[in-house]
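Asks: Just dropping this structure here.
Just so you know, all these numbers are worked out from the coordinates, no wet-lab data involved. These figures come from a predicted structure and were not determined experimentally. Glycine also receives a Cβ, built like all others from the backbone with ideal geometry; neighbour counts cover every protein chain displayed.
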Amino acid sequence: MSTSSDLADRLQSYLGPAGVITDWRDLESYAVDWRKLFPGKPACVVRPNSTEQVAQVVRICREAGVPIVPQGGNTGLAGGAVPDASGTQVVLSLNRMAAIRNVDPIGMTIEAEAGCILKVAQDAASTAGRLLPISLAAEGSATIGGVVAANAGGVNVLRYGMTRNLVLGLEVVLPDGTIANGLRRLRKDNAGYDWKQLFIGSEGTLGVVTAAVLRLLPRPKHSVTALLSVPDPDAALTLFGLAQDDLGDQITAFELISRTSLDLVARHAGLKPPIAEGEWFVLIEAASSLAGLREAAEAMLGSAFEREIALDGVIAESGAQAAQLWALREHVTESEAREGKSVKHDVSVPLTAVPLFLVDVGKALADEVPGTRVNAFGHLGDGNIHYNVLIEDGHDAGAVNRIVHDVVASHGGSISAEHGIGQYRVGELVRYRSSVEMELARKLKLALDPQGLLNPGKVLSP
Ligand code: 2HG
Ligand code: ZN
């Protein structure tokens, strides 16, 4: 095996000086996730600017037996895109491959390279009068490649599905350095195995996503955004049922927010909700191409107040006010990080189990790790709750994690709804997935990456 500096020299002679970073001061932002929970030390960072260059980098590293960690916007929350601390892994950043190759408003597709920022792709779709409906707080930094590799969720999954639902075609560099080009724009394509599904959500462990064709949707002309306080999560669920009855497929988001979340946002971001005190809140958005949405939403909310499943509320009167309501939700993560240490959970349970899950997990934590505080919020419409536990020195983060995940499992849930396993949940996955499922995953990994050089230690233990 060659030394790291031999390898960096070889990579540099192939990619040129702009393609390789070895100076520690410039490496730092690639070495650690944004919350600084998973600090690593790369051998170097490579920044290829074409699919062929990515393929050649993979071949060079393979020949040298050196592991590669693909990285997009580095906005993930599970440490999936950062290297370990050994100083032997090469970070392969896709940030120089950022082109939008094509937007087709009639065929309703967009083709973008992996390093294209999600917001840039959203704006390109919007300029063409269409909607790219992947919507996340990190959309200003997250990249298309990362979003696909993580099968990102976000606030609009309820209506448009996870990223997987929107991927029509994919280009991937395989661990042996060959290029699999499946950049088709077809709505219907049953010709053989749909191999791209393997790479979506594989967190860079099976291949490097270099470009994707995503489905676009009509851009709704009307939208309604409301923030409501509700008596409890049970009432929030009843409200969700009512919204389904009355607004049906026009609901794009149905978010649950706890008092603690809003308190954190008030303290650290200076934003206050325009409604009376309460313990639980729902942020609901509906969108439609047809008129009459606001009237329908007002009627629905009127009957929610009558039935006392909503206590107080405001409907945004303008786009700016809607943005203010969304800002309350979007600042939760950042405000939580400013508050101090937290143990993050990204869990899902069947929708109707959410209220009981919240009661059970609250009791278990209070009994077993007293003195913690809970910052619960998330995508209630998808059964996905970020049950984040704020801890102080002396609290056992591992115990907190185990308690929450055990309660999730008892409700038939998943330990990661949308953030993925990364390095953060590798140990937990083995505990909650069956040995048959884990064996299947290992067989797939071995078939595609027999040397284990692609993002080792993520998703599966090495
Ligand atoms: C969100 O829903 C993100 O805002 C982040 O998935 C969740 O900070 C979190 O735990
Ligand atoms: Zn989320």
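Asks: Quick check: from the Cα gyration tensor, does the range 295-360 come out rounded (a/c under 1.5), prolate or oblate?
Replies: Judged from the Cα gyration tensor, the range 295-360 comes out oblate (a/c at least 1.5, b/c at or above a/b).
Asks: In the structure shown, do any of LYS36/LYS119; LYS272/LYS363; LYS36/LYS344; LYS41/LYS445 have a Cα-Cα gap over 21 Å, and if so which?
Replies: On the way: LYS36/LYS119 24 Å; LYS272/LYS363 29 Å; LYS36/LYS344 14 Å; LYS41/LYS445 24 Å.
Pairs exceeding the cut-off: LYS36/LYS119; LYS272/LYS363; LYS41/LYS445.
Asks: While we're on this one: Subtracting the Cα-Cα distance from 0.36 nm times the residue separation, let me have the gained length for GLU392 to HIS268 in nm, one decimal.
Replies: Computed gain between GLU392 and HIS268 is 42.8 nm.
Asks: Run the numbers on the range 118-221 and let me know its relative contact order in percent, using alpha-carbon pairs under 8 Å that are six or more apart. Show your work: numbers first, answer last.
Replies: On the way: 169 pairs, mean separation 35.1, N = 104.
Reported relative contact order: 34 percent.
Asks: Note down the Stokes-Einstein diffusion coefficient of the range 373-422 in µm²/s, whole number, using a Kirkwood radius over alpha carbon pairs, 10 °C, and 1.306 mPa s.
Replies: On the way: Rh = 11.9 Å.
D = 133 µm²/s.
Asks: So how far, in whole Å, is the C-alpha centre of the range 111-134 from the one of the range 391-433?
Replies: 33
Asks: In a shell of Cβ-Cβ distance under 13 Å around VAL349, excluding VAL349 itself, what net charge do Lys and Arg (+1) and Asp and Glu (-1) give? Don't skip to the end; give the middle numbers.
Replies: Numbers: positive: none; negative: ASP346, ASP360, ASP382, ASP406.
Here the charged neighbours net out to -4.
Asks: Take the alpha carbon atoms of the range 162-180, find their center, do the same for the range 197-250, and report the distance between the two centers in whole angstrom.
Replies: Using only Cα atoms, the two centres lie 23 Å from each other.
Asks: Follow-up question, since we're still on this one. If you average over every viewing direction, what projected area does the convex hull of the Cα atoms of the range 337-418 give, in nm²?
Replies: 4.9
Asks: I've got another one for you. Report the far tail of the P(r) of the range 55-183, meaning the percent of Cα-Cα pairs longer than 19 Å. Kindly include the intermediate steps, with their values, before the conclusion.
Replies: Numbers: 4258 of 8256 pairs.
So the pairs more than 19 Å apart make up 52 percent of the total in the range 55-183.
Asks: Can you tell me the convex hull volume per residue for the range 336-379, based on C-alpha atoms, in Å³ to the nearest whole number?
Replies: Values: hull volume 3.5 nm³, N = 44.
Enclosed volume per residue, from the Cα hull, is 80 Å³.
Asks: Sticking with this structure for a sec: Roughly how tilted is helix 319-330, in degrees to the nearest 10 and between 0 and 90, from the longest Cα axis of the chain?
Replies: 70
Asks: Quick one: what are the phi-derived ³J(HN,Hα) couplings along the range 114-127, Karplus 6.51/-1.76/1.60 with θ = phi - 60°, whole Hz, x for glycine and proline?
Replies: After applying 6.51 cos²θ - 1.76 cosθ + 1.60, I find 4, x, 5, 5, 3, 5, 5, 5, 4, 5, 5, 5, 5, 4 Hz.
Asks: With a sphere of radius 9 Å drawn around the Cβ of GLY76, what net charge do the other residues whose Cβ falls strictly inside it have (Lys, Arg +1; Asp, Glu -1)? Please report the intermediate quantities before stating the final value.
Replies: Values: positive: none; negative: ASP33, GLU203.
Local net charge: -2.
Asks: Okay, next question. Treating the Cα atoms of the chain as identical point scatterers in vacuum, please give the log10 of the normalised Debye intensity I(q)/I(0) at q = 0.07 Å⁻¹, two decimals.
Replies: -0.37
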